[in-house]
Amino acid sequence: MPPLPQNRHLVTEIPGPGSMRLARRRAAAVARGVGSTLPVYAARAGGGIVEDVDGNRLIDLGAGIAVTTVGAAAPRVVDAVREQVAEFTHTCFMVTPYEGYLAVAEALNRATPGTHEKRSVLLNSGAEALENAVKIARSYTHKSAVVAFDHAYHGRTNLTMALTAKSMPYKSGFGPFAPDVYRAPASYPYRDSLIDKDLGSDGGRAAERTIGVIESQIGAHNLAALVIEPIQGEGGFIVPAPGFLPALLAWCRDNNVVFIADEVQTGFARTGAMFACEHEPIAPDLICTAKGIGGGLPLAAVTGRAEIMDAPHVSGLGGTFGGNPVACAAALGAFATVEAEDLVGRARRIERLIFERLGRAQADDDRIGDVRGRGAMIAIELVRSGTADPDPDLTKALAAACHRAGVIVLTCGTFGNVVRLLPPLTISDDLLAEGLDVLVGELAKL
């Protein structure tokens, strides 16, 4: 098959007839509760393009929700997967282990922040990683309570729904949820500054507010773990004020509380560092990863301090498919791609290009309340003109207009008013610039 052309090209309206035929099949076969952002069906993807079954080529500013960081068909990943599939697809690491699992664990132990001795366990999804991180923390501390944050998202399983803040669509109607999970205020600089300018810029002050809630409403003597995204994802790509994360980590260390960093969306070169924790920098006790580490295949991990990771009894961790050999091969191909192509540096360049373009747009349009993020994880918070009131209707309309124009963008945010940009790091400058021009142009029409 010839290489996928790297240009936006629309041959039908979105969706086209082929996608509409598949949509009719979907309605008869797939559960209604599974949503999709775009009504198009993919046929090929690579670089910065997704091609649908009608031959439309769309600029990809979503990367499968930060999964195809190294591209949707990265050659090193493809080659590694082909080679492994020809050898064996499964034995179960808990039955007859294999070297690929070890190699991925070793790579994660080297790559994650901190020089302390580490261990890893491989799993299938980000939610499963969070579930296991909490199990490990409870086993280590012999305490049960867990703190999560306003605007947090950690998954769709029972425990991770309890950790997640937003009700619709993630939690509504699915309770009761796992007990002994509590919520504390996060650092949200844009909105905190509307209340108190210093609170929005001083992470130490924001941490004092958080710690005060934890100590008064839960008590450190009951708390096993604090679970936090270094940059909140579904909550709106919220980058905490400088000093917030280090202050929380210091408090955790003083109080025998395990600091769990959810790097499922932020990890693996996405933010212009291998892990978002490195921007402060901090070295969490446990780091949960998924999405980008598998090169598009399902893989997740918990990596952390050896003494904490080794707390659970033998056979207390695991799972039939955790660390599947094909997914491990893909992960090793993805690690090699990040290093060989300097995708950490590439993410930093993408950040500069996006901020430069959106900064100009923000100066001309007061409905762009905030532009924030790091690397190739950037968001636009949309508000009603002349106010800071969230505008979810404008956000929904802008995303739909971009989709019709052949640009994949995603939305998020507790208030439904954030457009998030997560391009694959393999996207070209020209494609990225065109996608941003479409985004800004469509906003100007609304």
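The values are calculated or read from the model by the stated rules, or taken from the named source; none is laboratory data. Since the model is a prediction, treat every value here as computed from it, not as a measurement. All Cβ positions, glycine included, derive from the backbone under ideal geometry; neighbour counts span all protein chains shown.
Here's the yes/no breakdown for (1) of a type in the set (Gly, Ala, Ser); (2) touching a residue at least 40 places away in the same chain (Cβ under 8 Å); (3) on the phi > 0 side of the Ramachandran plot:
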{"residue": "Arg384", "(1), (2), (3)": "no, no, no"}
{"residue": "Ala388", "(1), (2), (3)": "yes, yes, no"}
{"residue": "Asp393", "(1), (2), (3)": "no, no, no"}
{"residue": "Ala401", "(1), (2), (3)": "yes, yes, no"}
{"residue": "Val418", "(1), (2), (3)": "no, yes, no"}
{"residue": "Asp429", "(1), (2), (3)": "no, yes, no"}
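Candidates are the residues of the stretch 307-321 that are of a type in the set (A, V, I, L, M, F, W, C) and in a loop (DSSP other than H, G, I, E, B); the one that is surrounded by the fewest Cβ atoms within 10 Å (Cβ to Cβ) is Val314.
Within the stretch 164-187, how many residues turn out to be under 18 Å from Gly413 (Cβ atoms) and not β-branched (Val, Ile, Thr)?
In the first step, residues of the stretch 164-187 are kept if they are under 18 Å from Gly413 (Cβ atoms); the result is 164-172, 183, 185-187.
Add one more test, that the residue is not β-branched (Val, Ile, Thr), and what stays is 165-172, 183, 185-187.
Going through the stretch 164-187 one residue at a time, the tally reaches 12.
If only residues of the stretch 27-66 that are β-branched (Val, Ile, Thr) and touching a Gly at 6+ places or on another chain (Cβ under 6 Å) are counted, the one that is surrounded by the most Cβ atoms within 10 Å (Cβ to Cβ) is Ile59.
Kindly evaluate Leu102 against the criterion of being closer than 30 Å to Ala162 by Cα and assigned by TED's automatic domain parsing to the domain that holds His154.
Numbers: closer than 30 Å to Ala162 by Cα: no; assigned by TED's automatic domain parsing to the domain that holds His154: yes.
Taking the combined requirement at face value, the residue does not satisfy it.
Going by the structure shown, is Arg24 within 25 Å of Pro298 (Cα to Cα), of a type in the set (D, E, K, R), exposed (fewer than 15 other Cβ atoms within 10 Å of the Cβ) and not assigned by TED's automatic domain parsing to the domain that holds Tyr170? For Arg24, the condition - within 25 Å of Pro298 (Cα to Cα), of a type in the set (D, E, K, R), exposed (fewer than 15 other Cβ atoms within 10 Å of the Cβ) and not assigned by TED's automatic domain parsing to the domain that holds Tyr170 - is not met.
Identify, from the list Gly406, Gly369, the residue that is under 26 Å from Arg8 (Cα atoms) and in contact with a strand residue (DSSP E or B) (Cβ under 6 Å, 6 or more places away or on another chain).
Working: Gly369 fails: under 26 Å from Arg8 (Cα atoms).
None of the other options fit; the residue is Gly406.
The residues in the stretch 152-164 that are over 12 Å from Ile228 (Cα atoms), in a loop (DSSP other than H, G, I, E, B) and small (Gly, Ala, Ser) can be counted, and the count is 1.
Conditions tested, residue by residue: (1) buried (at least 16 other Cβ atoms within 10 Å of the Cβ); (2) in contact with a Leu (Cβ under 7 Å, 6 or more places away or on another chain); (3) over 30 Å from Val70 (Cα atoms); (4) not small (Gly, Ala, Ser).
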position	(1), (2), (3), (4)
Leu163	yes, yes, no, yes
Pro176	no, no, yes, yes
Gly200	yes, no, yes, no
Glu215	no, no, yes, yes
Gln232	yes, no, no, yes
Gly236	yes, no, no, no
Leu248	yes, yes, yes, yes
Ile260	yes, yes, no, yes
Met274	yes, no, no, yes
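Test Gly345 against the criterion of being under 23 Å from the mean Cα position of the chain (by Cα), exposed (fewer than 15 other Cβ atoms within 10 Å of the Cβ) and under 27 Å from Phe268 (Cβ atoms), and give yes or no. In short, yes.
Residue selection: Gly333 fails the criterion of being modelled with pLDDT of 95 or more, buried (at least 22 other Cβ atoms within 10 Å of the Cβ), within 23 Å of the chain's Cα centre (by Cα) and on the phi > 0 side of the Ramachandran plot. For the condition surrounded by fewer than 24 Cβ atoms within 10 Å (Cβ to Cβ), of a type outside the set (Phe, Trp, Tyr) and either farther than 29 Å from Leu194 by Cα or in contact with a Pro (Cβ under 9 Å, 6 or more places away or on another chain) (or both), Pro284 does not qualify.
Only one of Ala162, Ala184 is out of contact with any helix residue (DSSP H, G or I) (no Cβ under 6 Å at 6 or more places or on another chain), more than 25 Å from Ser315 (Cα to Cα) and in the same structural domain as Gly292 (by TED's automatic domain parsing); which? Break it down stepwise before answering.
Details: Ala184 fails: out of contact with any helix residue (DSSP H, G or I) (no Cβ under 6 Å at 6 or more places or on another chain).
Going through Ala162, Ala184 in turn, just one is out of contact with any helix residue (DSSP H, G or I) (no Cβ under 6 Å at 6 or more places or on another chain), more than 25 Å from Ser315 (Cα to Cα) and in the same structural domain as Gly292 (by TED's automatic domain parsing): Ala162.
I'd like to check something: does the stretch 289-306 contain any residue that is part of a helix (DSSP H, G or I), over 27 Å from Glu83 (Cβ atoms) and in the same structural domain as Glu99 (by TED's automatic domain parsing)? Yes, because at least one residue in the stretch 289-306 is part of a helix (DSSP H, G or I), over 27 Å from Glu83 (Cβ atoms) and in the same structural domain as Glu99 (by TED's automatic domain parsing).
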